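Report on one structure; see the data block that follows.
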Amino acid sequence: MVESTRLVDLVHSRIENFVASRESIVTSISPDLTPLVEFSRQFLSGGKRFRALFCYWGWRSVCAPDSPLSPVVGAASALEIFHAAALVHDDIIDNSDTRRGAPSAHRLFDGLHARSGWAGDDTEFGRASAILLGDLMLGWSDELLDDALLEATDAAGARQARIEFNRMRTEVTAGQYLDILEERAWVTQPDSELLDRAHRVIVYKSAKYSVLAPLVIGAALAGATAEQLGSLREFGLPLGIAFQLRDDVLGVFGDAAVTGKPSGDDLREGKRTVLIALARDHGSAETRTLIDELLGNPDLTESQIVRLQSAIQASGAVDRVETLIADNVAEARRVLASAPLHADAVAELGALTDTVTRRSF
């Protein structure tokens, strides 16, 4: 716990220093660009830093005791900046008004436009500006990773870490596309395939990106063997699936005070998750009709959200998802128990497994 807390503090400082170093470049172009830096700081200052922690403990699971810390702090920080950029773009795609209990990036720019009395449409300005903010942070994440790789003592490991980072970027973008595709294409797909398609979204949009990729990026940076990387992949995939399944349950039933998003937000956004696929498969005909008629309506009332929540609960889908979470966690623990990794890091990864899969409503 102490080591993880220290890592989070170091990542926070690395990100703050990096943004400060880029602020002079941005604002020297024009003081009108100040909001880009201010809003980036807002999105980079919060969060649970799960990806940074998985990166660090992947590194610690294989590194030599005297390995310098700076490269992994840099890589973990790059992952957090990439994550913040992805969230900015994700909120635009999903038309989400909030993020971590505060306005999403496009809403911040929307408000700036409205307060300033500029010409044109507030919403259009907000969306365009937030896209550029996300793009800016994507570039920053690459810069920060390059700095970290230059500090690495193992050149081959640094190259492998870059390969893993690049693969992660491709896979999460593909997963995001599959996510928005399922929100629209489900009507043309056989019902028998919807669960598998929802599971595919979990794997590529979240499981690999949130857990597996950070683990192997950190481990690769430390010069991990092929066997060690293989064990971390086998551990990270089921854990990442369990992580996202928990997130999907929270997206429907979570307390806004805990999740930072309005309760039932995934219902308004029309997320075709494993939870929804199971509810349609095992619920009554009325449940299926209700889901198909209401899911994805951005103007859902509170009473309609309650009706959907009750129908999903009554279908047994929540219990089935809880079973899937438990099964995936058990598989991750089974792999971890025999993995050729340092024992202290294995213990910390076991504790982190509990943290990311037992988040409360």
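Worth pointing out:
- Filter pass, Val201 being in contact with a Leu (Cβ under 8 Å, 6 or more places away or on another chain) and closer than 18 Å to Asp90 by Cβ: yes
- Complete set of residues in segment 61-83 that are modelled with pLDDT of 95 or more and of a type in the set (Gly, Ala, Ser): Ser61, Ser70, Gly74, Ala75, Ala76, Ser77, Ala78
- Tabulated pairs, segment 108-127, first under 16 Å from Leu33 (Cβ atoms) and touching a residue at least 60 places away in the same chain (Cβ under 8 Å), second in a helix (DSSP H, G or I) and not charged (D, E, K, R), C-beta under 7 angstrom, 6+ apart or interchain: Leu108/Phe39; Phe109/Phe125; Phe109/Gly126; Phe109/Ser129; Phe109/Ala130; Leu112/Pro35
- Inspection of segment 298-310 identifies no residue that is small (Gly, Ala, Ser) and either closer than 21 Å to Ile180 by Cα or open to solvent by less than 20 Å² (accessible area, probe 1.4 Å) (or both).
- Looking only at segment 137-162, and only at residues there that are free of Cβ contacts under 8 Å to residues at least 40 places away in the same chain and more than 30 Å from Gln42 (Cα to Cα), the one that is nearest to the chain's Cα centre (by Cα): Arg159
- Of all residues in segment 39-60, exactly one satisfies the criterion of being hydroxyl-bearing (Ser, Thr, Tyr) and at pLDDT 95 or above, namely Tyr56.
- Single unsatisfied condition, Val274 versus (1) touching a helix residue (DSSP H, G or I) at 6+ places or on another chain (Cβ under 8 Å); (2) open to solvent by 10 Å² or more (accessible area, probe 1.4 Å); (3) more than 17 Å from Cys55 (Cα to Cα); (4) of a type outside the set (Asp, Glu): (2)
- Taking segment 214-225 as the range and being open to solvent by 10 Å² or more (accessible area, probe 1.4 Å) and of a type in the set (Gly, Ala, Ser) as the test, the residues that pass are Ala222, Gly223, Ala224.
- Selected residue [within 30 Å of Trp57 (Cβ to Cβ), open to solvent by 70 Å² or more (accessible area, probe 1.4 Å) and hydroxyl-bearing (Ser, Thr, Tyr)] from Thr357, Thr323, Thr353: Thr323
- Residue in segment 243-255 that is within 19 Å of the chain's Cα centre (by Cα), at pLDDT below 95, assigned to a helix (DSSP H, G or I) and among the small types (Gly, Ala, Ser) present: yes
- Options Ser4, Ser67; residue that is farther than 30 Å from Leu112 by Cα and part of a loop (DSSP other than H, G, I, E, B): Ser67
- Matching residues, segment 28-49, being open to solvent by less than 60 Å² (accessible area, probe 1.4 Å), out of contact with any helix residue (DSSP H, G or I) (no Cβ under 6 Å at 6 or more places or on another chain) and farther than 18 Å from Ser104 by Cα: Ser30
- Residue match in segment 112-126 (condition: within 30 Å of Arg159 (Cβ to Cβ) and not small (Gly, Ala, Ser)): no
- Selection within segment 50-68 - of a type outside the set (Gly, Ala, Ser) and open to solvent by 40 Å² or more (accessible area, probe 1.4 Å): Pro65, Asp66, Pro68
- For segment 330-350, the set of residues classified as open to solvent by less than 20 Å² (accessible area, probe 1.4 Å) and more than 13 Å from Ser61 (Cα to Cα) consists of Ala332, Val335, listed by residue number.
The values are calculated or read from the model by the stated rules, or taken from the named source; none is laboratory data. Fair warning: this is a prediction, and the values are worked out from it, not measured in the lab. Counting neighbours? That spans all protein chains shown, and the Cβs are built from the backbone with ideal geometry, glycine included. Just the protein is used for accessible areas: all its heavy atoms, side chains included, with ligands, DNA and RNA removed. Shrake-Rupley method; radii C 1.70, N 1.55, O 1.52, S 1.80 Å.
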